[in-house]
Amino acid sequence: MTIPSTSTSTSTERSRTAARPMMRSRRPPSVDRPRRNVILTLVTGVVLVYTLVPLAWLVINATKTQPSLFGSFGLWFSGHFALWDNIVQTVTYDHGIFLRWLLNTVLYVVAGAGGATLLAVLGGYALAKFSFPGKRAVFAIVIGAVAVPGTALAVPTFLMFSRMGLTNTPWAVIIPSLISPFGLYLMWTFASEAIPTELLEAARMDGASELRTFVKISLPLLGPGIVTVLLFTMVATWNNYFLPLIMLKDPTWYPLTLGLNAWNAQAATAGGEAIFNLVITASLLTILPLVTAFLVLQRFWQSGLAAGSVKE
Amino acid sequence: MRGFTHRRLVRGAALAGALTIALAACSSGGSGAPGTTPSTASSAAGQSALEQGGKITVWAWEPTLKKVVADFEAKYPKVTVDLVNAGTGNAQYTALQNAIAAGSGVPDVAQVEYYALPQFAIGGSLADLTSFGAASLDGTFTPGPWASVKQGNGIYGLPMDSGPMALFYNKSVFDKYGIAVPTTWDEYLTAAQKLHAADPSAYIANDTGDAGFATSMIWQAGGHPYTVDGTNVKINLADAGSTAFATLWQKLIDQKLLAPISSWSDQWYQGLGNGTIATLTIGAWMPANLESGVAAGKGQWRVAPMPQWTAGGTATSENGGSSLAVPKASKNQQLAYDFIKYADAGAGVQTRIDGGAFPATTADLQSAAFVNKTFDYFGGQKVNEVLAKSAADVVKGWQYLPFQVYANSVFNDTVGKAYVSGTTLQQGLKAWQDSSVTYGNDQGFTVNK
């Protein structure tokens, strides 16, 4: 059977053949001992710094009190180390509203991103492995839907939900998050490549039901794809701003994105209390779960890719 | 008991005509409870609405309202007020427009800034409060805010706070370089030059283009760039007042005397604290923000009257400030009105003053306790003396556009260019006028025709 060879093995192959005539005396470069390229290393370094500087800024400034935030250089520590005080203040400010926002966000991610992934996996698998009338039409619609940004649909969705009395409830955020055309498309391509039709036919021959075939045979093969879609939808839901902005008015249902913005806006209000130190600390706390999710899930993601490459 | 109260109220209503002003002023004194003051017949209806109870939703971002709501609920146990911060300024207006368009989820009370009120009032989104007896509050509020909530014969909100302008300045910076506090805009320009020459990192003010500030400056200079009569609108951002502002400010821009920092940013708070932004020409609500956001400036700031266009003048204008309004779609308008009356002209006013807000009620602005209060942050200065004086000197006759929210949102695309490129302020104002005219005509107004 033909399993798609991963890009890692192909590129190694290619570089090996290319390198052989030039570097006869030395051992050919491999994945463990890649060829060095000064320019590429420099470019990567610049990108790395560019990516990490805002993060470093965030970590450094989360340790400052509001006065020292204004009175010191942004990229170095200054004054009293106030990280713990800031964290305590962040989670207790306004009767612990930050924790409520955190819980809301977790709810939206679990229900929204989890549901979106589930639907994408089921739909993608069905589209890849079953033939039915209208499949081409579904394909066209999904491809079209990928091109429509969610922002463009937010206001019509709001008017519709408003009629149904769903605005200002968690459903208004969860239901639109369940739809991920890109996730569906990704699962579809992934499923048609990763699951050999012969394998499904063999399972059917042995008398397995469609559900059993899906759960026992297809689902494990789809692992890396599922993790990828889950990561995408998780990030999208965690960072979702515009949809909840339109849908929610009650701060008790805010996700973190809206809550942080509300805190930031306080500084621009007559009589409002400026709490920049809390906005910064809260931002740091807000990205931690996403960073963790990436680090943890990336392991599965990579192992999934590697597992695919050795099956011949 | 109930019958007695009712009879008393009806009898009171008969006297209302003659006593309106006196009673209204009395009810705004803070100690007087508005629900029990028999000012008009509609108070009777208000009283019963308060006794029957009910639930209203209030959209507001003003922080002092939290305490007002708590007090109100304690006073009227059957009433529940759901106070929701649905966004600040423009964000909330968008939400309000959306809710009104959708026909559901509209709050019973909304905080609306004075500049935005005509847009909602003329758009037919707000209830005319005269049917609840709001006309009896004539004289309760200072002229600027009161004029701002009136459209034709209708009253579309009650003034919650006001922002008569004054010159907030960092005294330690002025002392350090021996610069006199400017009393005219010419002196202001000279002070700006001296200060920046003495310390190149210091600026007299920050500005990157702010529609609210620009219109307030034009207002003080005697400009009337907007004249609104029903749906007939005239826009002339080249009148004498607008030109006076543009000419002065162009000099400050050309000589690079304005810090390129946007108001309300973290850099701004930083500059106000470390002396690199030496003055703020801003509304009277600023002290609370300085105290909470610029701890480093404690003891350094003072308040002086707004610089004048002609020496010896006293003209001022309003900057910012909000009203509480009742959307037409509210199903509980009477109760909503009772709440805003309590918050804006009743016991709520004193609560809000204690919380640091600057009132719009004449009686409070003139009360000795208010005027004589000393502020530690301002080195013991009786700041309210200057600010209350400014409230009385606001130039009359100013009007905002019935689509000012839109106009202000494109300010930076037009006038804002003057701050960063070779465009002059006058060209920018012309461009701003053109896009406002086009938008107004598109919206069905008759603008400059």
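The values are calculated or read from the model by the stated rules, or taken from the named source; none is laboratory data. Bear in mind the structure is a predicted one, so any value in this text is a computation, not a measurement. Cβ coordinates were reconstructed from backbone atoms using ideal geometry, including for glycine residues, and neighbour counts include every protein chain displayed.
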Run down B:Thr414, B:Thr424 and say which single residue is crowded, with 22+ Cβ neighbours inside 10 Å and either among the β-branched types (Val, Ile, Thr) or closer than 22 Å to B:Glu318 by Cβ (or both). B:Thr414
Top-ranked residue in region B:284-308 [being under 24 Å from B:Val395 (Cα atoms) and over 20 Å from the mean Cα position of the chain (by Cα); ranked as farthest from the other protein chains (Cβ to nearest Cβ)]: B:Gln308
Scanning region B:309-322 for residues that are more than 9 Å from chain A (Cβ to nearest Cβ) and not in a loop (DSSP other than H, G, I, E, B), which turns out surrounded by the most Cβ atoms within 10 Å (Cβ to Cβ)? B:Glu318
Scan region B:210-223 and tell me whether some residue there is polar (S, T, N, Q) and surrounded by fewer than 24 Cβ atoms within 10 Å (Cβ to Cβ). no
Can you tell me which of B:Ala368, B:Ala388, B:Ala360 is out of contact with any Phe, Trp or Tyr (no Cβ under 6 Å at 6 or more places or on another chain) and in contact (Cβ under 8 Å) with a residue 12 or more places away in the chain? B:Ala388
Out of region B:224-244, which residues are aliphatic (A, V, I, L, M) and either in contact (Cβ under 8 Å) with a residue 24 or more places away in the chain or surrounded by 16 or more Cβ atoms within 10 Å (Cβ to Cβ) (or both)? B:Val228, B:Val233, B:Ile235, B:Leu237, B:Ala238, B:Ala244
Checked against (1) crowded, with 24+ Cβ neighbours inside 10 Å; (2) hydroxyl-bearing (Ser, Thr, Tyr); (3) closer than 30 Å to B:Gln300 by Cα; (4) away from chain A (no Cβ under 13 Å), B:Tyr156 satisfies every condition except (3)
For region B:66-100, how many residues meet the condition of being more than 14 Å from every other protein chain (Cβ to nearest Cβ) and of a type outside the set (Val, Ile, Thr)? 8
Residue among A:Val121, A:Val91, A:Val109, A:Val142 that alone is part of a helix (DSSP H, G or I) and either surrounded by fewer than 17 Cβ atoms within 10 Å (Cβ to Cβ) or within 14 Å of another protein chain (Cβ to nearest Cβ) (or both): A:Val91
Within region B:149-165, can one find any residue that is outside any loop (DSSP other than H, G, I, E, B), assigned by TED's automatic domain parsing to the domain that holds B:Asn384, small (Gly, Ala, Ser) and free of Cβ contacts under 8 Å to residues at least 40 places away in the same chain? no
In region A:35-57, how many are surrounded by 10 or more Cβ atoms within 10 Å (Cβ to Cβ) and not in a helix (DSSP H, G or I)? 2
With criteria (1) within 18 Å of the chain's Cα centre (by Cα); (2) away from chain B (no Cβ under 14 Å), A:Glu198 comes up short on (1)
Near pairs, Cβ below 7 angstrom, 6+ apart or cross-chain, from region B:424-449 (among the polar types (S, T, N, Q)) to any residue that is assigned to a helix (DSSP H, G or I): B:Thr424/B:Gln250; B:Thr424/B:Ala418; B:Gln426/B:Ala246; B:Ser435/B:Thr414; B:Ser436/B:Ala407; B:Asn448/B:Val437
Identify all residues within region B:363-406 that are touching a strand residue (DSSP E or B) at 6+ places or on another chain (Cβ under 9 Å), part of a loop (DSSP other than H, G, I, E, B) and not acidic (Asp, Glu); write none if there are none. B:Thr374, B:Tyr377, B:Phe378, B:Gly379, B:Lys382, B:Val395, B:Trp398, B:Gln399, B:Tyr400, B:Leu401, B:Pro402, B:Phe403
